[in-house]
Each structure stands twice: as structure tokens, then as C-alpha cells.
Amino acid sequence: MKYEDKIVIVGAGVAGVNAATKLIDNGYPGDKITIIDMGKSPYERKPEEVMTGFLGAGGWSDGKLTYHTAIGGHLSKYCGEEKAMELMDQVITNFKRFHPKPEEVQCSNPVAEPDFIKPYFGLRLFPVWHVGTDYLHEIGKNWYNFLVDGGVNFIWGTKVTGIDFNTQEIFTDKKIMWDFDNKYDRLIFAVGKSGIDFGKQLADDYVLPTESKPVQIGVRFEAPQKHFQKLIDVSYDFKLYRKFEDKGVSLRSFCTNNNAAYVAVEETYGDHSYNGHAKKDEAFRNDMTNFGILMEVRGIEEPFKWSRDLVEKVQSNSTGLYYSPSRKPSTTSEGGDVSTVQIDNLDVVRDAFQGYYEYIEDFINDMKKIFPTLGDDWGVYVPEVKYLSPEPLVDYSNLALNTYPNVHFVGDALSARGITVSGSQGIYVIEAILKG
């Protein structure tokens, strides 16, 4: 690749930011790099703006970097296990590099599965680097300063509305004062969750060959931490899972938050869903635990549309739902109420899930068996969803579209489901194209 090529990155999330960082670290001229994002810079982005902006959703409201190729989406299938782990190391190094207190970044690495789990669940154990949610905004500012100082051009609050792969033009919802015209030599399509619809539209418009993805949907479960402490002592970010191969259904808990754990609202396509994050500062401690209970359902026709329809059915008064046998919804880390409507029964949820909610109910009932103090002291926020549009088939060597070799898909656009995998994909693309 020529060092005068104009590179446009659509999306300033973890994938796009790590890609730009790799370019600058290798002496690529920053004035040839433009990053466009619907959100805001880390200096203007509010804590509750969790979906768009610098470092995306995960890099703004999560603080855990999974360190295993079986978690967070595809990586090793493109580059092999050894290279995948080396790429993850680079992502973790970048977070430490811009961390105000890098010595506080710690790795937990549980190795023994406790016996009390085995009769009911599998427990997936893997290393996790804990960056600390409280530091993410400072990391974002330091990282952003580095890229701006390197000459990278950021265009904020702007939605990309069209891309012409043939003429290599970018179209947006606002008139932009480009440092150059609206054309690119190389495009890195690094949209987050909010851009999945756009990625699907591009796949349809250009008749890109794709690989269909299963439904990924469930709830955000919340309860006092004391009920889970014996498992947290073994694995802080525990992953309970089970499979029903004959039904095409598997379930897993994921993104566990403890100590100062809060539920966060995500808005995608105008609907609310839920996620979670944890604070490091003891002043925020609430002794709560929350985690997703996510189902992967295979065999659903048009899984992307099916998920969208389900989410719409569990909205009330422009927000999601909360159910608990005994509790009220919690507050956010900012001290406000979590946006949700409490319901006194699960009928509307069961109807929306079209029979699949029984798997989640069984999951919760079995947790009550292995955590006997849990009882009815819990609640669920509905829904939690991971939109996975059909994944475009790419060249494994550089994640480029087979029919448009100067267009690379990374991050959520390529079915990544975690910070470490998304960042690794961004770095992997740059390593490949720098080789020419």
C-alpha cells in the first residue's frame, strides 16, 4: 500500500481506533486518515451515551478484556490461534498504554471448575484483563489526543448514509468540509451495533455473499452479589452455559459485573435494550451483581428481522421491561432510575419470545438450586440483544470483501462481540495492508 493512500474508517469504536493507532505507530501520515462517527469525541460524550462515539459501546462503558479465542466472536478462524492471541496482546497493550494508572490493570485467570456447578451448568473459564470502568473515559481522552496529535481527522456527529464501492465515494447526512474530496483509496468499515442495519443494507445492495448468523437474545439478570459470591471467588466474570443441540438452542451468562454493578440502557433503532457495567471506585459500591443470560437460537428464518420484531414487542412507553418476584428496578451509576417499565407477570415476554423464554426460566430456576439463598431475590431487564446481521464473506488474509479488495469489514460488522476481538480485527487488517 502507498503511504499517500486516503484511508476512511467508518466508526470510531474499538476496531476503528485500534486500526488508526496501528497506522500511526507505523509512521502512516495522519492527514491521510479520516474517521467518521455518529457520536461525539471523548471530551463531549456523556457517560450515558453508550452506543456511539469514541471507543464505541464497549470501550466507553465496559472495563473487561477477554483473553481467549473462544469468546467474543471470530478471530482465530481468520488468522490461527497463535496470531489471534498475539493480536489480543496488542489490544490489551493499547489500553494499558493510554491508561492513567496502568499498574492497576489486572488479569484474573481461574483454572478450576467448582463441583457445585457441574450438575446443572458448564462453566467456561478463561483469563480476563480488568481495565476498570472508572478509567475508560480518561483512557479515551488520552487515546484520542494521541491520534489527533498524529494528524488523524475525526468527523463527529455525522452518519454515513451511503457508500459507492465502485466509485469509492462516501455519502453522509451532513455537508462535510473534507480535507480531501469524499473519495477513499481504502475503506475500513468498522461500525458498531448502531450501524449493523447499514451493513446489512450494503450487503443487500451489492449482493455480497454472506454467512447467516443465529439469533442472540435474552435478558439482563440482576441480584445482590452475596448470592453468587462463592462462584465469584472462583471466577469474577463467570460464564455459565448449557446447550440443547437437538433444539438448536444454547444459553450462556456473560458480561458479569460485581461490587459496584449497574444496569445500562442501550438504544438501537429507537428501541431500548439492556447491558451492564461495573465501577471501580468504592464510592459507587452497591454490592450488586448483574449479567446477561443470552440465548443463541439457530434455524430461525430471517434471524435479524426476528430479533428486531421481538425487541419491539417488549417495549412499553418507549422503553424496555423489568420483572421481579420481589424487587424494584435499580438506579444507574449516575443516581437516576434505570429506564424501564415494571411488569407483574411475564406473559408479554413469553409471547414475544415465541416459546423460547422457557429456556431462560429453566436457567434461572437451576441457578436457584446451586445458589440456594437466591430464592426470589432477583430481577430481569428485558431484552438484552446482540444484533448479528448476515456476515459478509471476506478474504481471511486481510478481512477484505472478495469483490472489493480495498474494503475491509471489522468489529460488529464482522460479527465480533467483544472489545478484544474487535480491536484485534482492526489491527489485523492494518498489518495486512501495510505489507502491501
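The values are calculated or read from the model by the stated rules, or taken from the named source; none is laboratory data. Quick caveat, the model's predicted, so the values are computed rather than measured. So basically every Cβ, Gly included, is an ideal-geometry build from the backbone, and we count neighbours across all protein chains shown. Please note that ligands, DNA and RNA were not included when accessible areas were found on the heavy atoms of the full protein model with its side chains. Shrake-Rupley method; radii C 1.70, N 1.55, O 1.52, S 1.80 Å.
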**Q.** Simple label model, 7 Å out from Cα along Cβ direction - Y3 to Q229, nm
**A.** 5.8
Q: Please turn the phi angles of the range 82-91 into ³J(HN,Hα) values with the Karplus equation 6.51 cos²θ - 1.76 cosθ + 1.60 (θ = phi - 60°), one per residue in order, whole Hz, x for glycine and proline.
A: 4, 5, 4, 5, 5, 5, 4, 4, 5, 5
Q | Residues in the range 338-381 that a label on S316 would reach, taking backbone N under 16 Å of a point 7 Å out along Cα→Cβ | A | 338-353, 379-381
Q | Carbon + sulfur, % of accessible area of the chain - ligands and nucleic acids excluded, 1.4 Å | A | 46
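Just to confirm a number: summing +1 for Lys and Arg and -1 for Asp and Glu over residues other than D197 whose beta-carbon lies under 13 angstrom from that of D197, what do you get? It would help to have the intermediate numbers written out before the result.
Numbers: positive: K159, K193, K200, K305, R308; negative: D204, D205, D271, D412.
Result for the neighbourhood of D197: +1.
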Q | Cα centroid of the range 128-160 to Cα centroid of the range 224-272, whole Å | A | 27
Q.
I'd like to know which of N145, N182, V91 lies farthest towards the positive end of the charge dipole of the range 75-196, counting +1 on Cβ of Lys and Arg and -1 on Cβ of Asp and Glu.
A. N182
Q | Cα long-axis angle, helix 14-25 against the chain (0 to 90 degrees, to the nearest 10) | A | 40
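At 1.4 Å probe size, with every protein chain present, just tell me what the per residue accessible area of the range 291-436 comes to in Å². List each step's numbers first, then the result.
Details: 5660 Å² over 146 residues.
Here the residues of the range 291-436 average 39 Å² of exposed surface.
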Q: Could you sort 329-341, 52-64 so that the peptide with the highest average Cβ count within 10 Å comes first and the rest follow in order?
A: 52-64, 329-341
Q: For the range 18-71, count the residues as N, evaluate 2.2 N^0.38 Å, and divide the Cα radius of gyration by that value, please.
A: 1.37
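Using a 10 Å cut-off on Cβ atoms, rank the peptides 409-421, 288-300 from the highest mean neighbour count down.
On the way: 409-421: 27.9, 288-300: 20.8.
Highest mean packing first, the order is 409-421, 288-300.
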**Q.** Positive-end extreme of charge dipole, the chain - chosen from S415, M38, L240 (charges on Cβ)
**A.** L240
Q | the range 313-413 shape via C-alpha gyration tensor axes, a/c threshold 1.5 | A | prolate
Q: Quick one: dipole size for the chain, taken about the Cα centre, charges +1 on Lys/Arg Cβ and -1 on Asp/Glu Cβ, in debye to the nearest 20.
A: 480
Q. So how tilted is helix 136-149 from the main axis of the chain? Cα-based, degrees 0 to 90, rounded to 10.
A. 0
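Give me the dipole magnitude in Debye, nearest 20, for the range 157-230 about the Cα centre, with unit charges on the beta carbon: positive for Lys and Arg, negative for Asp and Glu.
Values: 11 positive and 11 negative charges, 137 e Å.
The calculation lands at about 660 debye.
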Q. From Cα coordinates alone, what are the radius of gyration and Dmax values for the range 178-290 in angstrom?
A. 19.8, 59
Q. Based on Cβ point charges of +1 for Lys and Arg and -1 for Asp and Glu, what charge dipole magnitude is obtained for the range 315-436 about its Cα centre, in debye rounded to the nearest 20?
A. 320
Q: For the chain, evaluate the Debye formula with one uniform point scatterer on each Cα (no solvent term) and list log10 I(q)/I(0) at q = 0.08, 0.09, 0.10 Å⁻¹, rounded to two decimals.
A: -0.43, -0.54, -0.68
Q: Just list whichever of K83/K239; K239/K369; K64/K193; K83/K200; K159/K328 have alpha carbons separated by over 26 Å in the model shown.
A: K83/K200; K159/K328
Q: Could you tell me which of G53, L251, P224 has its Cα farthest along the dipole of the chain towards the positive end, charges placed at Cβ (Lys, Arg +1; Asp, Glu -1), taken about the Cα centre?
A: P224
Q. Over the chain, what is the relative contact order in whole percent, taking alpha-carbon pairs under 8 Å and six or more residues apart?
A. 23
Q. Tell me, how many Å apart are the Cα centres for the range 353-374 and for the range 401-436?
A. 37
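Pulled fully out, how much extra length does the chain show between D366 and E113, if you take 0.36 nm times their separation in residues and subtract their Cα-Cα distance? Provide the component values of the computation, followed by the final result.
On the way: separation 253, 0.36 × 253 = 91.08 nm, distance 1.71 nm.
Roughly 89.4 nm would be gained on extension.
Out of all DSSP beta bridges in the chain, what portion is antiparallel? Express it as a percent rounded to 5. Write down the numbers at each step before the final one.
Numbers: 57 of 74 bridges.
Of those bridges, close to 75 percent are antiparallel.
On full extension of the chain, what length is gained from K159 through T403, given 0.36 nm per residue of separation minus the C-alpha to C-alpha distance? Don't skip to the answer; put the middle values down first.
On the way: separation 244, 0.36 × 244 = 87.84 nm, distance 2.47 nm.
Result for the pair: 85.4 nm of gain on full extension.
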Q) log₁₀ I(q)/I(0) of the range 69-196 at q = 0.09, 0.10, 0.11, 0.13 Å⁻¹, via Debye over equal Cα point scatterers, no solvent, to two decimals? A) -0.46, -0.56, -0.66, -0.86
Q) Which value in nm describes the separation of the simple spin-label points at W306 and F244, placed 7 Å from the Cα toward the beta carbon? A) 1.3
